[in-house]
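The values are calculated or read from the model by the stated rules, or taken from the named source; none is laboratory data. Please read all numbers here as calculations on a predicted model, not as lab measurements. Every residue, glycine as well, gets a Cβ built from its backbone with ideal geometry; the counts of neighbours run over all protein chains shown. Note: accessible area is taken over every heavy atom of the protein model, side chains too, but ligands, DNA and RNA are not part of it. Shrake-Rupley method; radii C 1.70, N 1.55, O 1.52, S 1.80 Å.
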Amino acid sequence: MKKKSFYHQSLSFLAVITLVLLSACGAKTAGAPTNAGTAAPIGTSAAQGSNTAATPAAASKEKVVVNIGIQGKTGVLNFAREKGYFEKAFSAAGAEVKWNEFASGPPHFEAIAAGRLDFGATGGTPLISGQVGGVDFKGIAVTSDGKKGNMIIVPKNSPIKELKDLKGKKVAVAKGSSAYNFLYMAIDKAGLKGDDVKVIQLQPDEARPALDSGAIDAWSIWEPYATTAVYQSGATILVTGEKLNINAPSFLIARTKFTQEHPDLTVLFLKTYEEARKYYVDHQDEIADELSKSQKLDKAIVVDVLKNTFPILSSITPEFAKAHQEQADFLQSVGAITKKLDTSQVLESKFIDQALKK
């Protein structure tokens, strides 16, 4: 019961997100992608909200617009966008690509609920909030086991040396992100209870200045923000998912209706991602050079970020499915969500299995 009160004081973040996601079905909200005004809807009547399927004639006249979500400045999707991988692949298939930028994972699902997004990449916790909110999506592939990507960091010269020292401290985290679930699983492992930790809900661009100024005592965050803060402001890594052995897979996600209407393009999306991923992992030094120049960062920062976010592309194996279910079960056990989820209902490997066939 102590754990439940702890999570309830955080306003049951997934319940809050549920309300946001549901409201997104009817109107634009504050969580919309940063370039939402330029993102075109899918070029079929079904994708525009009609229940009437497009006729072959209509489909042949309309170019399908594929909306892809992106966050941060590193990773396979960012690299693929920079190099035009998806534009080339989808143009050959008679489709057009539109990119949508997000600050974190949860807004992807708001956009999917509103029919404004078809594909994206997020951590596992946003999938759980999306499922709680009734968003019609599928996790279609695994991109990381999540062990190295999430961390809790503290400012330079902080007296906080271990997790139990977070008692009574202010910890920033992005609501509903993978780092949110990671924070609470870490706190749980430290044996903290009730109101021991003061959670401050901040997006990355808000949390970094707060960390540097001392307005917060710690920050639960993912890469590249963690390593960047370590190098630039002398922050210290308190704990990582790897140290705590928290397996938290990340996923490529897709709007279910798009996958049903365009299974060929869904497979093409995955094949194109894999093409970009292979180059990305085989040319890490080149990627580090390019990112350090484009983002005006020390190359050493980029090298460490790349090590901590080494991407994979995998079918949703029983091991990954089990880890994702365990995250949902943990959130339900502590009262962060009020119902038990069967996460297998939103995980679908048939497209990735087809894409990875030799």
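Side notes on the structure shown:
- As a summary of the residue check, TYR279 satisfies the conditions (1) among the hydroxyl-bearing types (Ser, Thr, Tyr); (2) outside any strand (DSSP E or B); (3) crowded, with 22+ Cβ neighbours inside 10 Å except for the one numbered (3).
- Pairs where the first residue, in the stretch 303-319, is more than 17 Å from THR240 (Cβ to Cβ) and touching a residue at least 24 places away in the same chain (Cβ under 8 Å) and the second is part of a loop (DSSP other than H, G, I, E, B) and open to solvent by less than 50 Å² (accessible area, probe 1.4 Å), C-beta under 8 Å, 6+ apart: PRO311/GLY75; SER315/SER349; ILE316/GLU348; ILE316/SER349
- Test result for LYS138, part of a loop (DSSP other than H, G, I, E, B) and open to solvent by 10 Å² or more (accessible area, probe 1.4 Å): no
- Among the residues of the stretch 161-182, the one identified as outside any helix (DSSP H, G or I), farther than 23 Å from HIS108 by Cα and open to solvent by less than 10 Å² (accessible area, probe 1.4 Å) is VAL171.
- All of (1) open to solvent by less than 50 Å² (accessible area, probe 1.4 Å); (2) free of Cβ contacts under 8 Å to residues at least 24 places away in the same chain; (3) part of a loop (DSSP other than H, G, I, E, B) hold for ILE337 with one exception: (2).
- Test: PRO155 is open to solvent by 60 Å² or more (accessible area, probe 1.4 Å), more than 17 Å from the chain's Cα centre (by Cα) and not β-branched (Val, Ile, Thr): no
- Residue within the stretch 108-119 that is open to solvent by 10 Å² or more (accessible area, probe 1.4 Å) and either at pLDDT below 95 or under 21 Å from ALA323 (Cβ atoms) (or both) present: no
- Yes/no for ILE312 being assigned to a helix (DSSP H, G or I), of a type in the set (A, V, I, L, M) and farther than 16 Å from THR125 by Cβ: no
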